[in-house]
Amino acid sequence: MQILNNMGDKMAKISTRARTIEMSGIRRFFKAAKPGSINMTLGQPDFDTPEHIKKAAIKAINEGKTGYTFNAGLPELREALSGKFRRENRLSYHPDQIIVTAGAGEALFIAIQSLVDNGERVLLTDPGFVSYEACVRLAGGIPDPLPLTSDLHIDYSALQEKIEGARLFILNSPCNPTGTVESPDQIRSIVEVAMDAGVTVLSDEVYEHMIYDAVHASAALYGDDVVTVNAASKTYAMTGWRIGYLAGSPEYMEQCLKVHQYCQTCATSISQYAAVAAYTGDQSCVGMMRDEYKKRRDLLISGMKNMGIHFPVPEGAFYAFAPLGSEKTQAIMDAGVIVVPGDAFGKRGAEYARFSYATSWDNIQAAIDRMRPVLED
């Protein structure tokens, strides 16, 4: 009895902010996968990090480059990222406007901590990536879900209705979990309506190179009140290296750097040297991985359609967001295909399930074979 009372006492001492968020549904189902199951939960490339990137890390270790870096990141990495923005995104971010972080997750966290005050409303899509709502709540903000259209794109009319008075709109294209890519015209319209309302756009572009049937447009092309978040994680199969970055106006980055200093100090030095090689070296690995993801996507979508499951073909990222309903989702998991139920991404995702096809061709084919008796029944 005394132990239970002590537990209750300790729970009462936990902050309201911590109590109002949940553990990630993605991680929960990933951990719950049993041996022998086909795990299609994590958005983690199954490719090895390219060899020239690994060699750069080994070289840095051998040369003793294992100490702290500047808080904002290695100058040569920020210079490389500035060049990347110019070449690939037509954006002019000075190296001093870029902060290197421990993955895109930290970049999102420090941006929201720096830009959102208690009680301020933040628009985010529902369904949308699990971290957004939690980060907003931890900053004391109020998440305001924005519905998607029937084809899983941002509902522009709903955005127009809700945008006034918001502090931030979190844009994610290509989108996790839906795989949708907003067109350049749609991105322009979204940014323009946000700028007219005095709302900052936080643009999460980590899947920009995983696009198959569309083109990527950076939100910052269309307005100056935009913070851009990206990472090496998906592009170069470097999820465990934990290298992300954010870029924006000098005023915003000055404040973001303060938050970064106190929660992270700096990103790992070895990973930063590896990232220099990633962004300045041979880029053929990116196209190779993208081509393979497209083949895997087509295999999964074809298999689902043959089983009578029809939905918009994902244009980017490496996820299929399929309208299975909770019963069929549970049935395929009972058959050994582990996915993330759509309600992990928001209330409006309840009738969906997210499949990650960042896994092998053989795994996807085996998953289709296991699902067929369940879904065709």
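What number of residues in the range 316-346 are touching a residue at least 60 places away in the same chain (Cβ under 8 Å), in contact with a Pro (Cβ under 7 Å, 6 or more places away or on another chain) and at negative phi?
6
Can you spot a residue in the range 130-143 that is outside the structural domain of residue 343 (by TED's automatic domain parsing), surrounded by 17 or more Cβ atoms within 10 Å (Cβ to Cβ), of a type outside the set (Val, Ile, Thr) and more than 25 Å from residue 99 (Cβ to Cβ)?
no
Do we find that residue 166 is under 19 Å from the mean Cα position of the chain (by Cα) and outside any helix (DSSP H, G or I) in this structure?
On the way: under 19 Å from the mean Cα position of the chain (by Cα): no; outside any helix (DSSP H, G or I): yes.
When the stated conditions are applied, residue 166 does not pass them.
With respect to the numbered conditions (1) in contact with a strand residue (DSSP E or B) (Cβ under 8 Å, 6 or more places away or on another chain); (2) closer than 18 Å to residue 39 by Cα; (3) of a type outside the set (Lys, Arg), which one is the sole condition not fulfilled by residue 360?
So the condition that residue 360 fails would be (1).
Could you run through the range 70-93 and say how many residues are touching a strand residue (DSSP E or B) at 6+ places or on another chain (Cβ under 7 Å) and at positive phi?
Final tally of qualifying residues: 1.
Run down 152, 146 and say which single residue is surrounded by 17 or more Cβ atoms within 10 Å (Cβ to Cβ), of a type in the set (A, V, I, L, M, F, W, C) and in a loop (DSSP other than H, G, I, E, B).
Among 152, 146, only 152 is surrounded by 17 or more Cβ atoms within 10 Å (Cβ to Cβ), of a type in the set (A, V, I, L, M, F, W, C) and in a loop (DSSP other than H, G, I, E, B).
List the residue pairs whose Cβ atoms are under 7 Å apart, where the first residue sits in the range 79-101 and is over 17 Å from residue 217 (Cα atoms), the second is modelled with pLDDT of 95 or more and among the basic types (Lys, Arg), and the two are 6 or more positions apart or on different chains.
If the second residue must be modelled with pLDDT of 95 or more and among the basic types (Lys, Arg), the pairs left are 95/78; 98/78; 100/78.
Could you tell me whether any residue of the range 173-194 is among the hydrophobic types (A, V, I, L, M, F, W, C), touching a residue at least 40 places away in the same chain (Cβ under 8 Å) and farther than 26 Å from residue 141 by Cβ?
Looking for residues that are among the hydrophobic types (A, V, I, L, M, F, W, C), touching a residue at least 40 places away in the same chain (Cβ under 8 Å) and farther than 26 Å from residue 141 by Cβ, one finds at least one in the range 173-194, hence yes.
Looking at 267, 237, 275, 247, can you tell me which residue is closer than 17 Å to residue 51 by Cβ and touching a strand residue (DSSP E or B) at 6+ places or on another chain (Cβ under 8 Å)? Working first, answer last.
On the way: 267 fails: closer than 17 Å to residue 51 by Cβ; 237 fails: touching a strand residue (DSSP E or B) at 6+ places or on another chain (Cβ under 8 Å); 247 fails: closer than 17 Å to residue 51 by Cβ.
After applying the criteria, what remains is 275.
Counting only residues that are acidic (Asp, Glu) and under 21 Å from residue 43 (Cβ atoms), how many does the range 121-157 have?
Qualifying residue count, the range 121-157: 2.
Please find, among 152, 168, the residue that is over 30 Å from residue 288 (Cβ atoms) and among the aliphatic types (A, V, I, L, M).
168
Among the residues in the range 271-291, are any under 15 Å from residue 178 (Cα atoms), basic (Lys, Arg) and within 19 Å of the chain's Cα centre (by Cα)?
Scanning the range 271-291 turns up no residue that is under 15 Å from residue 178 (Cα atoms), basic (Lys, Arg) and within 19 Å of the chain's Cα centre (by Cα).
Report, by residue number, each residue of the range 126-163 that is more than 13 Å from the chain's Cα centre (by Cα) and among the aromatic types (Phe, Trp, Tyr).
The answer is 156, and nothing else.
Do we find that residue 316 is modelled with pLDDT of 95 or more and either within 15 Å of residue 376 (Cβ to Cβ) or over 21 Å from the mean Cα position of the chain (by Cα) (or both) in this structure?
no
Kindly establish whether residue 107 is more than 20 Å from residue 219 (Cα to Cα) and part of a helix (DSSP H, G or I).
So residue 107 fails the test.
Determine, yes or no, whether residue 126 is surrounded by 16 or more Cβ atoms within 10 Å (Cβ to Cβ) and modelled with pLDDT of 95 or more.
yes
Please go through (1) outside any helix (DSSP H, G or I); (2) touching a residue at least 24 places away in the same chain (Cβ under 8 Å); (3) under 30 Å from residue 36 (Cα atoms) for residue 265 and return the number of the only condition it doesn't satisfy.
The number of the failed condition is (3).
Given the options 297, 290, 242, name the one that is basic (Lys, Arg), touching a residue at least 60 places away in the same chain (Cβ under 8 Å), within 20 Å of residue 42 (Cβ to Cβ) and in contact with a helix residue (DSSP H, G or I) (Cβ under 8 Å, 6 or more places away or on another chain).
242
The values are calculated or read from the model by the stated rules, or taken from the named source; none is laboratory data. Just so it is clear, the model here is predicted, and its values are computed rather than measured. In this analysis, Cβ positions are derived from the backbone assuming ideal geometry, glycine residues included, and neighbour counts consider all displayed protein chains.
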